[in-house]
Amino acid sequence: MNTKIIKTLDYEKILHKLAHHASTSLGKDAVEKLEPKGDFELVKLRLQATDEAVNVERLKGNAPFGGIRDIRSSLHRSRIGGMLNPVELLDISTTLFGTRRLKRFILAVHEEYPIPMLKEQVDLLTENKQLEDKINSCIDENGVVVDGASPELGRIRSELRTGEGRVRERLEQMIRNSSVQKMLQDVLITIRNDRYVIPVKSEYRSSFGGMIHDQSASGATLYIEPDAIVQLNNKIRELKFKEEVEIEKILRALTELVAEQVELLVFDVDQLAELDFTFAKAGLARELKATRPRLNDRGFIKIKRGRHPLIAAEAVVPLDLELGNDYSTIIVTGPNTGGKTVSLKTVGLLSLMAMSGLFVPAEEGSQLCVFDAIYADIGDEQSIEQNLSTFSSHMTNIIRILRDMTPKSLVLLDELGAGTDPAEGSALAISILDYIHQIGCRIIATTHYSELKAYAYQKQGTINASMEFDIQTLSPTYRLLVGVPGRSNAFAIAERLGLSRRIIDHARTQVGEEDKRVESMIASLEENRLIAESERQIAEQLRREAEELRLSLEAQQAKFDEQRDKLLERAERDAREAVAKRAARPTKSSRICGAWRRKKLVALKTTS
């Protein structure tokens with residue numbers, strides 16, 4: 001996608017918004033590299049990944065990216081034999097921990113709700129806990145190599161603490177001495193050049209032996225290392241050198257462990273960048289209240305209440321537009337400040353967003369096409385340096401578009417033919433539209449020329465559109481009306497503003513009969529549209545009321561059925577219980593038979 005269209009349609013501002021939702025610098029870098037693509041299958045995969053991330057956020061909240069750092073430069077240094085410092089190693093450790101936590105989060109979500117693309121990505125991540133634990137055993141959370149990193153380091157630091165204790169003890173004995181205190185600027189122990197010193201007044205320099213390591217800015221204080229602790233300081237200095245050598249040894253060993261895993265770690269970082277980028281797209285969708293568009297590669301666009309993503313929600317006017325089925329060209333007419341350019345940019349920007357795998361601020365069911373390229377000539381790009389007029393600037397840009405476009409391109413032209421003689425400008429505009437139409441591109445063009453209204457009526461596959469204008473308030477509503485050409489409204493506006501009726505009537509006599517018929521036809525169309533819109537709203541209200549009544553009746557019927565089923569079930573249960581009780585109670589004949597059998601049995605026993 002050429003850089004000019006990116007700038008013209010403010011695509012970079014969308015990337016800026018998107019970057020705010022990235023949790024890591026890795027994700028922000030991925031956002032900066034995002035470009036719209038003309039590959040239909042690739043764009044489908046991008047949107048699928050965004051959809052899965054949106055569902056994860058909806059079900060489980062934000063994905064955990066805490067602790068993940070951009071460790072690519074550290075990994076490169078380990079690969080070429082450089083030694084990593086403690087902070088770099090700690091960043092690698094926290095990134096390994098963050099990777100493991102993110103992986104478990106995604107897998108847990110997948111068990112409840114299938115997210116195959118995200119699951120496939122995290123399956124590729126390695127869980128190098130052994131390296132993570134090794135780094136953590138040597139470096140604490142502040143990036144300091146701990147005593148237990150090696151037995152030798154522990155021994156050295158133990159000796160250091162003992163030596164420093166002896167130096168402090170010796171110096172404290174000195175500064176508690178009253179004869180010494182009078183020579184001190186402050187009764188304290190400090191460090192200069194890694195050696196313990198005490199602040200001595202400069203006038204006592206000759207009376208106080210030892211080595212000067214520093215002095216105050218005024219020269220009134222000298223920081224002196226007394227002769228009595230020189231050997232102790234030397235021992236501490238020697239131990240600190242050994243400490244540095246041992247720490248370097250530990251860091252090199254850890255760096256070698258990182259270098260052994262560097263290829264896997266680099267791969268993991270790339271996957272983490274892609275995952276953060278994907279969840280950033282979900283965050284942007286949430287911010288814009290955007291939905292997943294349906295994609296096609298046949299040049300069809302159907303935007304349902306689409307909103308320009310850079311205009312405040314309370315100010316934006318939703319756009320409804322369809323292009324690519326019954327007609328491939330839309331010509332938008334109407335006065336300035338009516339919103340034609342915003343509508344043009346909305347179509348272009350939403351298309352770029354969809355081609356980048358982003359959800360778009362429009363209602364569910366909106367459809368967008370994956371074009372091989374989008375071209376736009378929008379705004380006055382007059383160049384003083386190149387001595388180009390407005391017309392020349394537009395023509396230069398349009399010539400470039402005509403040269404590069406293909407039948408699978410979308411072309412957006414603002415104020416086509418403007419900046420020159422109206423007769424020639426309109427003729428040139430018609431010729432350009434004819435040429436683009438023959439190529440097979442999808443076109444949306446705005447214009448002031450009334451000749452193009454007639455052109456749109458006569459040309460197959462072309463339709464008029466206009467921006468609605470409220471004649472009562474003398475202000476645009478910024479609604480795009482497809483199928484209705486724009487009216488001038490100049491006479492009506494002038495009359496409402498108080499221009500003399502005599503002047504207006506005279507002006508009307510100057511308008512040609514053909515223009516009057518066109519304006520009358522447009523006025524009739526607009527009147528019919530308003531009537532149809534009113535009737536549609538009434539019908540929609542009746543439909544909603546009927547739907548509510550249907551739902552109410554269905555609820556009542558369901559409640560009735562439930563009560564009936566409960567009554568039938570209770571009746572059946574009562575009947576079964578009654579039958580069971582009756583079967584369990586012995587009858588009179590059974591009692592008589594039982595008594596006779598018992599008497600017979602007694603008689604037999606007596607006889608025997």
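The values are calculated or read from the model by the stated rules, or taken from the named source; none is laboratory data. What you see is a predicted model; the values in this text were computed from it and never measured. Don't worry about glycine lacking a Cβ; one is built from the backbone with ideal geometry, like all the others, and counts go over all protein chains shown. For the accessible areas, the whole protein counts, side chains as well, though only heavy atoms, and no ligand, DNA or RNA atoms are used. Shrake-Rupley method; radii C 1.70, N 1.55, O 1.52, S 1.80 Å.
Numerical summary
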| quantity | calculated |
| --- | --- |
| Per residue accessible area of segment 192-302, 1.4 Å probe, in Å² | 49 |
| Kyte-Doolittle at least 0.5, axis length at least 24 Å by Cα - qualifying DSSP helices, the chain | 262-288, 422-439 |
| Å² of accessible area per residue within segment 23-133, as computed with a 1.4 Å probe and no ligands counted | 49 |
| Pairs beyond 18 Å (Cα-Cα), from Lys7/Lys408; Lys60/Lys119; Lys4/Lys453; Lys103/Lys129; Lys17/Lys289; Lys37/Lys281 | Lys7/Lys408; Lys4/Lys453 |
| Between segment 77-132 and segment 288-331, the alpha-carbon center distance in angstrom | 39 |
| Packing-based order for 274-283, 302-311, using average beta carbon neighbours within 10 Å, highest first | 274-283, 302-311 |
| Span from the segment 394-420 Cα centroid across to the segment 3-76 one, whole angstrom | 31 |
| Segment 2-103, dipole about Cα centre (Lys/Arg Cβ +1, Asp/Glu Cβ -1), debye to the nearest 20 | 140 |
| Relative contact order (percent, whole number), the chain, Cα cutoff 8 Å, 6+ residue spacing | 14 |
| Estimated dipole of the chain in Debye, rounded to 20 [Cβ of Lys and Arg +1, of Asp and Glu -1, Cα centre] | 4320 |
| Global form of the chain, assessed from the alpha-carbon gyration tensor, a/c cut-off 1.5 | oblate |
| Accessible surface of the chain [probe 1.4 Å, protein heavy atoms]: carbon and sulfur percent | 52 |
| Only Lys, Arg (+1) and Asp, Glu (-1) charged, at Cβ; segment 252-334 dipole about Cα centre in debye | 700 |
| Per-peptide average of other Cβ atoms within 10 Å, ordering 170-176, 339-345 highest first | 339-345, 170-176 |
| DSSP beta bridges in the chain [antiparallel fraction, %, rounded to 5] | 55 |
